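Trainee: Take this structure first; my questions come after.
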Amino acid sequence: MPRPVAAHEPASRGALRRDAERNRDRIVRAARELFAERGLAVGFNEVAHHAGVGVGTVYRRFADKEELMHAALAEPLGELAEVAQRAGQAERAWDGLELLLESITGLLVDNLGLRDVALGGGGWRLGRPTVELVAEVMKHLLDRARAEGDLRDGVVGDDVTMILWLVTDLAQHSVQVHPSLYRRYLQVMLDGLRASPGRTPLVERPAEQQTLTICRRWAGAPL
C-alpha cells in the first residue's frame, strides 16, 4: 500500500513549479519596468527589490544579466521588428522612412533599455537580429528615397542614428515639462533630410520658460 505522503509529492512538486514560474514572471516584469525607466545599467539587486524577491531567486532563475535582458526586452524588440517590416513595405520610401523614424523614436523614448540596445550605447549584443533588420530596412529606404528624389544627397544611416540619439536624449530632459516636445525636433530633423523642405506645420513649440527649464535639466543645473 503506498505511503500517504507519496500521494502528495507530485502535487507538491507542481506547487513548487508554479511558485517558481510566478517568481520568474515577477522578476521579468520588474526588469522590464526598470530597464524601460532607467536603462540597462540596473543590476540584479534592484530588480530583486522591485520584484519583491530575494536576489538569490533572481540568480536561480537567470544565469546572467543578458539572459534576463532577453526575457525583459523580447516584447519591445518584437514591436521594433514589426515597425521595421511595416515601414519597409511603404509604397513610397519617404513615407516608410517617416513611419520608421517616428515609430522608433516613440518606442525608444518610452524604453531606455531598448534605446541602449537599438542604438548600441552599451555595447550589448542583445537583440542583434532585430537591430540588423532595422538597419537593413533603413538602408533600403534611404536608397529608395534618394532614387525617388525625396532624400538629399549625402545622407547615410549613421546620420539617422545620431538624430535618434539627439531626439531621444532631449525627450529624457523634457518629459516632465513638455512630454511631446521631442516630436517637434524630430520633425525639424526629418525636414533636414529631405531634398526639399517639408511644408507640414511644426508641432507646438515650448514656452520660453519651458525651454529654459529643459536646458537647465539637460545641463544638470539647478532649476
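Trainee: Give the long-range amide H neighbours of residue 194: residues separated by 5 or more places, or on another chain, with amide H under 5 Å away, using H modelled in the peptide plane at 1.01 Å from N.
Mentor: Here the answer is 152, since their amide H atoms fall under 5 Å of that of residue 194.
Trainee: Rounded, prolate or oblate: which fits the stretch 73-219, taking a ≥ b ≥ c as square roots of the Cα gyration tensor eigenvalues, rounded meaning a/c under 1.5, else prolate when a/b beats b/c?
Mentor: Oblate, since a/c reaches 1.5 and b/c is not below a/b.
Trainee: Then there's this: Let's test the formula: R0 of 35 Å, r as the Cβ-Cβ distance of residue 156 and residue 59. What FRET efficiency results, to the nearest 0.05?
Mentor: Computed FRET efficiency for residue 156 and residue 59: 0.25.
Trainee: Oh, and also: At most 12 other C-beta atoms within 10 Å and a DSSP loop state: those are the exposed GluC sites (Glu not before Pro) I care about. Give me the longest piece of the chain that has none.
Mentor: Within the chain, the longest run free of exposed GluC sites (Glu not before Pro) spans 1-90.
Trainee: What's the magnitude of the charge dipole for the stretch 126-223 around its Cα centre, counting Lys and Arg as +1 and Asp and Glu as -1 at the beta-carbon? Answer in Debye, nearest 20.
Mentor: Charge dipole, the stretch 126-223, about its Cα centre: 280 debye, nearest 20.
Trainee: Do any trypsin sites (Lys or Arg not before Pro) in the stretch 174-223 lie in a loop, going by DSSP, with at most 13 other beta-carbon atoms within 10 Å of their beta carbon, and if so which?
Mentor: Sparse-neighbourhood loop trypsin sites (Lys or Arg not before Pro): 199.
Trainee: If you don't mind, there's one more thing I want to ask. Report the full-extension gain for the segment residue 85 to residue 218: residue separation times 0.36 nm, less the Cα-Cα distance, to one decimal in nm.
Mentor: Here the segment from residue 85 to residue 218 would lengthen by 44.5 nm.
No lab work stands behind these numbers, since they all come straight from the coordinates. The shown structure was predicted, so the numbers you read here are calculated from the model rather than taken from an experiment. No Cβ is skipped: glycine too gets one built from the backbone with ideal geometry, and neighbour counts run over all protein chains shown.
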